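The next block holds one structure in the form of structure tokens; read it before the comments.
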Amino acid sequence: MADPVPETNQAEVSPWALFTHLDFFLFWSSGVAMTVAGLLSTLISSQWLYDTTGSAAQLGLLGVVQFAQLPVALYGGLLADRLDRKKLMVLTPVVVSLLLVTLTLLSANSALKPWHIFAVTGISGMVSMLGNSARPAMLPRVVSRNQLTHAITTLNVSSQLATVIGPIVFWQLFDRVGVARSFGISAAIGLFGAVL
């Protein structure tokens, strides 16, 4: 005799049903926008730094700056638990986008220096980590419990797709519109994510 199939109290839900919920759609869209904006800013900064200095060591130092952000990730979750997560999720992309606007203006006025790239990369990375710590805790507020597994899977796949889209956008953008406009577009994508 075959073992009975265990009953589940979760209804079968289509993964596409998630997108019928406006809250999830906005949550998902903002995450994709922020990922693309972050990748763009990293690629633009790296390319500009290498074009300007011609030094692989400078790119290595940029990696060190990014590595130095990791302690924030350890405490980001703790901070996210103590602060209003929704405000943290809105405030952090706004701050990152304003930093990108700063790079846009510096570049447009031919005043951009390598130390600006290092400072903005370090600060925006730490700020982004704080916001990213709050995101997972918000997911159960935008989908029902029986859709949570689909939502997590959708967010993970979307994040991976955004990491592919970012370099493609960079490839089409940097040579065509230049550094200042590329930073400006990245900032606009980030602000769009904050609004969502």
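Descriptive notes on the structure:
- Of the residues making up the stretch 39-58, those that are aliphatic (A, V, I, L, M) and over 21 Å from residue 108 (Cα atoms) are 56, 57.
- Among the conditions (1) touching a residue at least 60 places away in the same chain (Cβ under 8 Å); (2) open to solvent by 50 Å² or more (accessible area, probe 1.4 Å); (3) within 18 Å of residue 43 (Cα to Cα), the only one that residue 66 does not satisfy is (1).
- Condition met for residue 166 (open to solvent by 20 Å² or more (accessible area, probe 1.4 Å), part of a helix (DSSP H, G or I) and modelled with pLDDT of 80 or more): no
- Close pairs from the stretch 29-52: first farther than 18 Å from residue 99 by Cα, partner at pLDDT 90 or above and surrounded by fewer than 19 Cβ atoms within 10 Å (Cβ to Cβ), Cβ under 8 Å, at least 6 apart: 52/114
- Unmet requirement for residue 76, which otherwise passes all of (1) at pLDDT below 75; (2) surrounded by fewer than 18 Cβ atoms within 10 Å (Cβ to Cβ); (3) not aromatic (Phe, Trp, Tyr): (2)
- Filtering the stretch 132-163 to residues that are in contact with a Pro (Cβ under 8 Å, 6 or more places away or on another chain) and either under 30 Å from residue 53 (Cβ atoms) or in contact (Cβ under 8 Å) with a residue 60 or more places away in the chain (or both) leaves 150, 153, 154.
- The requirement of being over 24 Å from residue 192 (Cβ atoms), open to solvent by 70 Å² or more (accessible area, probe 1.4 Å) and modelled with pLDDT of 85 or more is fulfilled nowhere in the stretch 89-108; no residue meets it.
- Pair list, Cβ under 7 Å, 6 or more apart: the stretch 110-122 residue more than 16 Å from residue 54 (Cα to Cα), other residue in a loop (DSSP other than H, G, I, E, B) and of a type in the set (A, V, I, L, M, F, W, C): 122/68
- Only one of 166, 178, 125 that is out of contact with any helix residue (DSSP H, G or I) (no Cβ under 7 Å at 6 or more places or on another chain) and under 23 Å from residue 51 (Cα atoms): 178
The values are calculated or read from the model by the stated rules, or taken from the named source; none is laboratory data. Predicted, not measured: the structure shown is a model, and the values here were computed from it. Every residue, glycine among them, receives a Cβ derived from its backbone with ideal geometry; neighbour counts consider all protein chains shown. Protein only, heavy atoms only, side chains kept; ligands, DNA and RNA dropped before computing areas. Shrake-Rupley method; radii C 1.70, N 1.55, O 1.52, S 1.80 Å.
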